[in-house]
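Right, one structure below, let's go through it.
The values are calculated or read from the model by the stated rules, or taken from the named source; none is laboratory data. Since the structure is predicted, the reported quantities are computational estimates derived from the model, not experimental observations. Ideal geometry is used to build each Cβ from the backbone, glycine not excepted, and the neighbour counts take in all protein chains shown.
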């Protein structure tokens, strides 16, 4: 197998940094989460993952797609979900506007 050229490595690294740098900006501009509305819940494995946090907070998962660290859910109490171990909770509708038309 041929080794990657230094230029290819530099381009890949630059693209990876742009993607990683844009994630916090997207989350900050997504809007604040509100109880009773769809939200994106991100939680780590030490908290049992997003499904466990959602269940302990009395929420309900919505949507057909699941991700390893996050789920779309409706929560009755945002603060309780944070206390139960959610890393990030953002308004799902506002986040969806960042993903396309």
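Some points to look at:
- Complete set of residues in segment 53-63 that are under 15 Å from residue 34 (Cβ atoms), in contact with a strand residue (DSSP E or B) (Cβ under 6 Å, 6 or more places away or on another chain) and buried (at least 22 other Cβ atoms within 10 Å of the Cβ): 59
- Check on residue 50, surrounded by 10 or more Cβ atoms within 10 Å (Cβ to Cβ), in contact with a strand residue (DSSP E or B) (Cβ under 6 Å, 6 or more places away or on another chain), part of a loop (DSSP other than H, G, I, E, B) and modelled with pLDDT of 80 or more: no
- Segment 72-92 - residue that is in a loop (DSSP other than H, G, I, E, B) and touching a strand residue (DSSP E or B) at 6+ places or on another chain (Cβ under 7 Å) and, of those, farthest from residue 37 (Cα to Cα): 85
- Unique residue being within 14 Å of residue 32 (Cα to Cα), in contact with a helix residue (DSSP H, G or I) (Cβ under 8 Å, 6 or more places away or on another chain) and in contact (Cβ under 8 Å) with a residue 24 or more places away in the chain when the list is 69, 95: 95
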